[in-house]
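The values are calculated or read from the model by the stated rules, or taken from the named source; none is laboratory data. None of the values given here were measured: they were computed from a predicted structure. Because the Cβ atoms are built from the backbone with ideal geometry, glycine has one as well, and the counts that use them run over all protein chains shown.
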Amino acid sequence: MAKPTTYATPICIGLSILAMIGIILGWLNHNALILIILLLPAVIYEIYRTEGESTKWASWVMLIVILAEIWFIWKNVSFDLANYFGTSEQYVGGFWVPLGDIKIIAPIVMAVLSGILFFRTNGKYTKWLAVIIFVSAGVAVYIINPEIIKTMLPVIIQQGLNRYY
């Protein structure tokens, strides 16, 4: 059953503004934790808006990932997944994701999940939220490690083009 849309537009506008504030404050303070915390309401609303089995699953996993990321950054947890898995990349949600420090991987996984939500949903508000999460996750990765964006962006674009076109 479709969720009511009476207040969806103002809620999505508010969440967009909150995410933009998080992006600006996170960027200026070189602190991804601010951005991730201010992104949390968008992820929670995404859970409410999703209805399909795969989209509901993706949004719940995203909540787990964002809560884990808050904990990783807050506690300054460093764990190299590339060493743990013995490989430099892992297949996640149809994309090959480069592995590294867990604080970088969580927003990358969030971006992949938001891509899944964007392409597998018909709801305009769910797509809107997926874009907010995707952009914010990308900025969070850049705040944590600007060098990884230079390496990953061409790979992501190429994989996206190969997958959907």
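Picking from residues in region 1-55 that are among the hydroxyl-bearing types (Ser, Thr, Tyr) and in a helix (DSSP H, G or I), the one that is farthest from Tyr125 (Cα to Cα) is Ser54. Please verify whether Ile104 is under 24 Å from Ala19 (Cβ atoms), within 17 Å of the chain's Cα centre (by Cα), modelled with pLDDT under 90 and in a helix (DSSP H, G or I), treating the condition exactly as stated. Yes. No other residue among Ile21, Ile102, Ile13 is surrounded by fewer than 21 Cβ atoms within 10 Å (Cβ to Cβ), out of contact with any Pro (no Cβ under 8 Å at 6 or more places or on another chain), under 18 Å from Asn145 (Cβ atoms) and not hydroxyl-bearing (Ser, Thr, Tyr) apart from Ile102. Residues in region 43-57: is at least one touching a Gly at 6+ places or on another chain (Cβ under 7 Å), buried (at least 16 other Cβ atoms within 10 Å of the Cβ), touching a residue at least 24 places away in the same chain (Cβ under 8 Å) and not acidic (Asp, Glu)? Yes, region 43-57 has at least one match.
Across region 118-129, what is the total count of residues that are farther than 17 Å from Ile17 by Cβ and either without any contact (Cβ under 8 Å) to a residue 40 or more places away in the chain or buried (at least 18 other Cβ atoms within 10 Å of the Cβ) (or both)?
7
Can you find a residue in region 126-137 that is touching a helix residue (DSSP H, G or I) at 6+ places or on another chain (Cβ under 8 Å), part of a helix (DSSP H, G or I) and at pLDDT below 70? No, region 126-137 has no match at all.
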